[in-house]
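Nothing in this text is a laboratory measurement; each read-out follows from the coordinates by a stated rule. Here the structure is a predicted model, which is why all the values come from computation and not from measurement. With ideal geometry, Cβ positions are generated from the backbone for all residues, glycine too; neighbour counts draw on all protein chains shown.
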Amino acid sequence: MATSEKRNTAERHFANATKAVQSPERARTEQEQENRTIGEKTARLRSLRLARDAADKKAAEGQVKKAAKPKRASPVPKLKHRTRDD
């Protein structure tokens, strides 16, 4: 199974190389289009990552501020102690 996958990969590479030799202009435009697509995807992912990091930082700052505030002690009701007479 692995040899057939390697063969298919080699055939694809050979076919791409053959296309590049036969029509260099077409190969160049295809390569430019692929580079543009990769650049667009990279830019989109970078913006998503930066937005996520900013949201995480904001959330972490909010948690730090909340943790810094002292909590009020809730009033504890006093209980009556029972005696044997009750």
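Computed quantities for the displayed model
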| quantity | calculated |
| --- | --- |
| Shape call, segment 2-57: gyration tensor on alpha carbons, a/c limit 1.5 | oblate |
| Length added when fully stretched, THR18-ALA2, from 0.36 nm per residue minus Cα-Cα | 3.3 nm |
| Contour minus Cα-Cα distance for THR29 and ALA55 (0.36 nm per residue) | 5.5 nm |
| About the Cα centre, charge dipole magnitude for segment 2-57 (Lys/Arg +1, Asp/Glu -1 at Cβ), debye | 140 debye |
